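Have a look at the structure below before the remarks.
The values are calculated or read from the model by the stated rules, or taken from the named source; none is laboratory data. Since the model is a prediction, treat every value here as computed from it, not as a measurement. Cβ placement follows ideal geometry from the backbone for every residue including glycine, while neighbour counts extend to all protein chains displayed. Protein only, heavy atoms only, side chains kept; ligands, DNA and RNA dropped before computing areas. Shrake-Rupley method; radii C 1.70, N 1.55, O 1.52, S 1.80 Å.
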Amino acid sequence: TVERLDKRIEALSNRETYKESVDHLTCFIGIKRPTALATVVEVGDFKRFASACQFSSYLGLTPGEDSSGDDQKRLGITKAGNTHVRKLLVEAAQSYGRGKAGYKSKALKDRQEGNPPQVIAYADRANERLRRKYYSMLFRGKRANVAKTALARELACFIWGMMNEKLT
């Protein structure tokens, strides 16, 4: 049953191997324990990516390009790489469309509890930026799905920064 599987995921995410990383990732809006655990397990070592751009590229969240000479044609995301984590982050990005910038729900505060202050501050800055970006993109006429995909890419970059302790 679903309840039994949820308990199993909770137990796995509390193992010493994953606990700290999962706790840190749940400080972001839209990322709860199952998503955080899946991301940590699927990616493995975040340090194998030299930059946040490489990480988002690994997930297939970077825009494609069809260029020749002076002609530049931007395409949709490449969809190369890890489809599971990409889909999880796009789903997580949908949460930024709910609520207003600067607002922190009780559930998010509860998930952030017990994390180091610099991790919470980093996640709060990221959450604020992503929420403002989402509404800004909609105001400029971007389609909602395009905006959510752009947020998923930026969220991946913030995740890379957190997992590599680049919290400034």
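Length gain on complete extension for the stretch Phe139 to Arg74, per 0.36 nm per residue less the alpha carbon to alpha carbon distance?
Computed gain between Phe139 and Arg74 is 21.3 nm.
On C-alpha positions alone, give me the angle between the axis of helix 16-25 and the longest principal axis of the chain, in degrees, nearest 10.
Taking the Cα atoms of the chain, the angle to 16-25 is about 50 degrees.
Remind me, relative contact order of region 11-126 in percent, using alpha carbon pairs under 8 angstrom and six or more residues apart?
The value is 31 percent.
From the Cα gyration tensor of region 46-168, with a ≥ b ≥ c the square roots of its eigenvalues, which class applies: rounded if a/c is under 1.5, or else prolate if a/b is larger than b/c, or else oblate?
Here region 46-168 falls in the oblate category.
Applying the Karplus parametrisation 6.51 cos²θ - 1.76 cosθ + 1.60 with θ = phi - 60° to the phi angles of region 67-72, what ³J(HN,Hα) value in whole Hz is obtained for each residue in order, glycine and proline being reported as x?
Result, rounded to whole Hz: 10, 8, x, 7, 6, 10.
Between Val43, Ile31, Ser67, whose Cα lies farthest towards the positive end of the dipole of the chain when Lys and Arg beta carbons carry +1 and Asp and Glu beta carbons carry -1, centred on the Cα centre?
Going by the charge dipole, the pick is Ile31.
Sorted by packing (mean other beta-carbon atoms within 10 Å per residue), highest first, where do 136-145, 25-34 land?
In decreasing order of mean packing, 136-145, 25-34 become 25-34, 136-145.
Helix 117-139 sits at what angle to the longest principal axis of the chain, using alpha carbons and giving 0 to 90 degrees rounded to 10?
In the chain, helix 117-139 runs at an angle near 40 degrees to the longest axis.
Taking amide H positions as placed in the peptide plane 1.01 Å from N, state which residues far from Gly64 in sequence (5 or more) or on other chains have amide H under 5 Å from it.
When sequence neighbours closer than 5 places are left aside, the close amide H contacts are Leu75, Gly76, Ile77, Thr78.
So if I take the centroid of the Cα atoms in region 57-118 and the same for region 121-168, what is the distance between those two points in Å?
Here the answer is 6 Å between Cα centres.
If you look for lysine pairs in region 7-76 that are eight or more places apart or on different chains, how many of them have Cα atoms under 30 Å apart?
6
Take peptides 52-61, 2-11, 65-74 and line them up by average Cβ neighbours within 10 Å, highest first, as a rough protection proxy.
52-61, 2-11, 65-74
Could you state the accessible area per residue of the chain in Å², with a 1.4 Å probe and every protein chain left in place?
59
Which percent of the accessible area of the chain is formed by carbon and sulfur heavy atoms (probe 1.4 angstrom)?
In the chain, the share of accessible area belonging to carbon and sulfur is 51 percent.
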